[in-house]
Amino acid sequence: MLQKTSRLTLVEQVALQMERQIESGKWAVGMRIPAEPELMVELNVSRNTLREAIRALVHAGLLKTKQGDGTYVCSSSVLGVVLQKRIMRSDSLQTLEVRHALEREGAHLAAQRRTDEEARELLLQLERWERAAARGDMDGVVTEDIRLHQGIIAASHNEILIELYNHIADALQDLITSITRYEADTDFLLIHRQLVEAIVDQDADRAVATVHRYISESKAVLEIKGDERL
């Protein structure tokens, strides 16, 4: 027999309001949330209630408390936390296959739907990526690589795809770092330029084929490296 649902406790209500601030983007990832006195006034709750709500969101993986500094947003949603944890438990090949699926469809849609402004921004982002590679800044290469792919996914104008990809971007960073450091002297840069040019030219088939090429190269790198996670 189904039981009557219970009302949310005050702590749960406060946690839900704070979660909505995060999911709406008002509290962005990396941002320090307002101090306790400010939140107590804004939410009209006691210090103990507020702290319990914060503890619940820390446990959920949305917030992180730094002793003596404050509390920071570390994920944009509970879904993001779940996906990131799941990816961290997966081997590199499975993670790469998921990346392939998302980026292949993202490139296909981006080539069909990108705006002129998005096309210009992708070219600029590609140049930032190439400059980082030219000066040997591998950390910069990884950062710009992730931003480039997020830009491509954003140009797909598919909100669910964008949300999924952004949630796993952080979890992909270690894998991208490992592969990019190895491929710095290959035609990896050229392949990405060809991908962006295909999207700019609105050639969806060429964009998909290019994604397949760099994912195949990445798989080959994992085989050569004998990745310990495989």
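The values are calculated or read from the model by the stated rules, or taken from the named source; none is laboratory data. Fair warning: this is a prediction, and the values are worked out from it, not measured in the lab. Positions of Cβ are backbone-derived with ideal geometry, glycine not excepted, and every protein chain shown enters the neighbour counts.
Here is a yes/no grid of residues against (1) at pLDDT below 90; (2) assigned to a helix (DSSP H, G or I); (3) crowded, with 17+ Cβ neighbours inside 10 Å; (4) polar (S, T, N, Q):
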{"position": "ARG131", "(1), (2), (3), (4)": "no, yes, no, no"}
{"position": "VAL142", "(1), (2), (3), (4)": "yes, yes, yes, no"}
{"position": "ASP145", "(1), (2), (3), (4)": "yes, yes, yes, no"}
{"position": "LEU148", "(1), (2), (3), (4)": "no, yes, yes, no"}
{"position": "ILE152", "(1), (2), (3), (4)": "no, yes, yes, no"}
{"position": "ILE168", "(1), (2), (3), (4)": "yes, yes, yes, no"}
{"position": "ALA171", "(1), (2), (3), (4)": "yes, yes, yes, no"}
{"position": "ARG181", "(1), (2), (3), (4)": "yes, yes, no, no"}
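Put simply, of LEU57, LEU96, LEU63, LEU123 the only residue that is at negative phi and modelled with pLDDT of 95 or more is LEU123.
Pick from LEU63, LEU126: which is among the aliphatic types (A, V, I, L, M) and touching an Asp or Glu at 6+ places or on another chain (Cβ under 9 Å)?
On the way: LEU63 fails: touching an Asp or Glu at 6+ places or on another chain (Cβ under 9 Å).
On inspection, the qualifying residue turns out to be LEU126.
Within the option set ALA220, ALA209, being in the same structural domain as ALA110 (by TED's automatic domain parsing), modelled with pLDDT of 90 or more, in a helix (DSSP H, G or I) and over 14 Å from ARG99 (Cα atoms) holds for one residue only, ALA209. For segment 66-93, taking the residues that are part of a loop (DSSP other than H, G, I, E, B) and in contact with a His (Cβ under 9 Å, 6 or more places away or on another chain), the one that is modelled with the highest pLDDT is identified as SER75.
Out of the residues in segment 103-118 that are assigned to a helix (DSSP H, G or I), of a type outside the set (Asp, Glu) and crowded, with 19+ Cβ neighbours inside 10 Å, state the one that is farthest from the chain's Cα centre (by Cα).
Step one: list which residues in segment 103-118 are assigned to a helix (DSSP H, G or I), which gives 103-113, 116-118.
Cutting the leftovers down to of a type outside the set (Asp, Glu) gives us 104, 106-113.
With the extra rule that they be crowded, with 19+ Cβ neighbours inside 10 Å, the set shrinks to 106-107, 109-111.
Details: GLY106: 14, ALA107: 16, LEU109: 18, ALA110: 17, ALA111: 21 Å.
Per the stated criteria, the residue is ALA111.
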